[in-house]
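Asks: Starting off with a structure, shown below.
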Amino acid sequence: MLLRKRPLIIAAVFAVFGIIVGLVMSSNFGFHVKGYTDDSKITEKSVQLLSRTNQAMAELVAVVKPSVVNIASVRKVKSGGVPSPFTNDPFFRRFFGDNFGPPEKQKEFKKSGQGSGVIVDKEGYILTNNHVVRGADEIKVTLSDQREFRGKVIGADPKTDLAVIKIDSDNLPVIAMGDSDRLKVGETVLAVGNPYGLSHTVTSGIVSATGRANVGIADYEDFIQTDAPINPGNSGGALVNIKGELIGINTAIFSTTGGYQGIGFSIPSNMAKNVMESLIAHGKVVRGWLGVTIQPLTQELVRQFHLKDDKGVLVGDVNEESPAQKAGILRGDVIIEYDGRKVDGVVGLRNMVAGTVPEREVRIQLLRDGKPQAVEVRITEMSAEPQKLAGTFENQLKGVVVRDLTPSMKKTLDIPNRINGVLIADIADESPADDMLRKNDVIMEINRTGIADTREYERALSKIRSDENILLLVFRQNSTFYVTLSSQ
């Protein structure tokens, strides 16, 4: 009997449960369940605010997009051809040796790349990254209206990874240049480019940081860091502020996967503008030169030099006949201000000096023995070639040619950032060190003394006689080791 009534009992239980749930959802029980009343509507005021924001962003993008172009580059590459089918046959190699077979013929093929650029002049000048057009045999530029042009490289600067190309057109939409020095962390920015070849893609984010250096991308670094999504193909594109002004050239991403991970780097517009103008006017970048070796102020140095704080940079050496020496700057001086701008670190001063027009006089504020002083310096032009020191010394390093080790060289040669010294650029066949050292070795120490650059290398070698042994600390292939160059 109970078994027959069981379905009715179950049905009754579910009915009662449904009534209870309905009462709970009802206002009769005094409960308010969000999403089940008419109170969850967006207010008209909020809609209007969001509409104005949407409209503003759409207008901003409409102004900026026509100034951003797609750059497709083609580079011709040669490679070995298909070897003879008998080349690797063990039977033939047994009788004719490992070099059996005709030499492989080289084949030529085309390697293509994608990037972005920004129109900076209505006559057809376009600013982009050097790595976008480096070594290109053909450059095709596509505008936002799908018109295509052949591009020509006007000048390139590997030290900042910037380049200027030109197309034969006029009355082009030019982007407005912003002042990147006024940029603040937290500001809203848009990145416009062609990631993965997807033409004129717009992403948004904020400025995460400014003044990023020692990233290992270029010799001169002062990057804007942003979380606006930047991916391969965005290189050379525009980073703009809410006024539609160019405040950066998107250059690189920090990624462990090859894709966007929330950290992108852009070259500040002020640096890009100086490089661009120099490339257009001279075909190269003309940089200022002060002629000092500088280093950051550590807490220990602050105590040793009796300073109040660590603001500024310490002068470690002054080049002979340099603008600094002629102005009276001495080793041990602390430079705290350059041309009216505060000096916060080594990278900042280096960039300020490099951006100074040669033959211009600037005022430098410094501390000497803790007392403030001011000097007037006439900046001269930096040598176009990287400093390279030939091995002319009459000792065991005769014939060894070295050069300063820059961040870009470290990246190219896969040298860790912690390694400092001078890079061996060449070794003469008759050099006493020919059997012990190799090209691209890094000399870190000479006779247990650290070597930071070619000046310190030259100073150390000038004190070593021809009959003396030399103890070197060398970095090679991810390891460091000591080498003794014997005079015997």
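We did not get these values from a lab; they are worked out from the coordinates using the rules stated. Fair warning: this is a prediction, and the values are worked out from it, not measured in the lab. Virtual Cβ from ideal backbone geometry, glycine too; neighbours counted across all protein chains shown.
Asks: Determine the sum of side-chain charges near residue 167: Lys and Arg each +1, Asp and Glu each -1, restricted to other residues whose C-beta is under 12 angstrom from that of residue 167. Can you show the working numbers first?
Replies: Numbers: positive: 122, 140, 147, 150, 152, 166; negative: 121, 123, 148, 168, 170.
For residues surrounding residue 167, the net value is +1.
Asks: Show which aspartates and glutamates lie in cross-link reach of residue 411 when reach means a straight Cα distance below 14 angstrom and same-chain residues fewer than eight apart are skipped.
Replies: Those aspartates and glutamates meeting the cut-off are 161, 219, 221.
Asks: Pull out a ≥ b ≥ c, the square roots of the eigenvalues of the alpha-carbon gyration tensor of segment 161-299, then state rounded if a/c is under 1.5, prolate if not and a/b is larger than b/c, and oblate in the remaining case.
Replies: Working: a/c = 1.62, a/b = 1.11, b/c = 1.46.
In terms of gyration-tensor shape, oblate.
Asks: Is segment 119-179 best put as rounded, prolate or oblate by its Cα gyration tensor, with a ≥ b ≥ c the root eigenvalues, rounded for a/c under 1.5, and otherwise prolate when a/b is larger than b/c, oblate when not?
Replies: On the way: a/c = 2.09, a/b = 1.19, b/c = 1.77.
Oblate.
Asks: Follow-up. If you filter segment 235-336 for GluC sites (Glu not before Pro), then keep DSSP loop positions with at most 13 other Cβ within 10 Å, what is left?
Replies: Values: sites: 245, 277, 300, 320, 321; in loops: 320, 321.
Qualifying residues, ordered by number: 320, 321.
Asks: If you take every residue apart from residue 272 with its C-beta less than 11 Å away from the C-beta of residue 272, what net charge results, scoring Lys and Arg +1 and Asp and Glu -1?
Replies: Working: positive: 273; negative: 157, 161, 222, 277.
Here the count lands on -3.
Asks: Still on this structure, I have one more. Taking segment 429-488, which GluC sites (Glu not before Pro) meet the DSSP loop condition and have no more than 14 other C-beta atoms within 10 Å?
Replies: Numbers: sites: 430, 445, 456, 458, 468; in loops: 430, 468.
In loop regions of segment 429-488 (DSSP not H, G, I, E or B), the sparsely surrounded GluC sites (Glu not before Pro) are 430, 468.
Asks: Continuing with this model, one more query. Mind giving me the FRET efficiency for residue 168 and residue 198? R0 is 35 Å, r the Cβ-Cβ distance, nearest 0.05 is fine.
Replies: Numbers: r = 27 Å, r/R0 = 0.76.
Efficiency for this residue pair is about 0.85.
Asks: FRET efficiency for residue 363 and residue 476, Cβ-Cβ distance as r, R0 = 51 Å, nearest 0.05? It would help to have the intermediate numbers written out before the result.
Replies: Values: r = 45 Å, r/R0 = 0.89.
Computed FRET efficiency for residue 363 and residue 476 comes out at 0.65.
Asks: Moving on. Could you work out how much longer the chain between residue 463 and residue 150 gets when fully extended? Use 0.36 nm per residue separation minus the Cα distance between them, nm to one decimal.
Replies: Working: separation 313, 0.36 × 313 = 112.68 nm, distance 5.65 nm.
Answer, rounded to one decimal: 107.0 nm.
Asks: Now, a different point. Percent relative contact order of segment 201-331, based on C-alpha pairs within less than 8 angstrom and at least six residues apart? Provide the component values of the computation, followed by the final result.
Replies: Working: 207 pairs, mean separation 20.0, N = 131.
That works out to 15 percent.
Asks: Any chance you could check the Cα centroid distance between segment 266-325 and segment 181-227 for me, in angstrom?
Replies: Result: 23 Å between the Cα centres.
Asks: Something else about it: Going through the cross-link list 41/65; 122/152; 65/111; 122/273, which pairs have a Cα-Cα distance over 26 Å in this structure?
Replies: Numbers: 41/65 35 Å; 122/152 16 Å; 65/111 28 Å; 122/273 15 Å.
Long pairs (Cα-Cα over 26 Å): 41/65; 65/111.
Asks: Now a separate question. Say R0 is 30 Å: what FRET efficiency, to the nearest 0.05, do residue 58 and residue 254 get from their beta-carbon distance?
Replies: Working: r = 30 Å, r/R0 = 1.01.
My answer for the efficiency is 0.50.
Asks: Under 5 Å between amide H atoms, partner at least 5 residues away or on a different chain: which partners does residue 175 have, H built in plane at 1.01 Å?
Replies: The answer is 119.
Asks: What's the local net charge at residue 209, with K and R +1, D and E -1, over the other residues with C-beta under 12 Å away?
Replies: Details: positive: 184, 212; negative: 187, 222, 227.
With Lys, Arg at +1 and Asp, Glu at -1, the net is -1.
Asks: Using the Karplus curve 6.51 cos²θ - 1.76 cosθ + 1.60 with θ = phi - 60°, what ³J(HN,Hα) values do you get for each residue of segment 187-200, in whole Hz, with x for Gly and Pro?
Replies: Each residue of segment 187-200 in turn: 5, 6, 9, 10, 10, 10, x, 10, x, 6, x, 7, 4, 6 Hz.
Asks: May I pose another question? Classify segment 277-415 as rounded, prolate or oblate, taking a ≥ b ≥ c as the square roots of the eigenvalues of its Cα gyration tensor: rounded when a/c is under 1.5, otherwise prolate if a/b is larger than b/c and oblate if not. Intermediate results must be reported in sequence, preceding the final value.
Replies: Values: a/c = 1.70, a/b = 1.25, b/c = 1.36.
Taking the square roots of the gyration eigenvalues as a ≥ b ≥ c, segment 277-415 is oblate.
Asks: Please report how far the C-alpha centroid of segment 420-448 lies from that of segment 348-371, rounded to the nearest whole angstrom.
Replies: 34 Å
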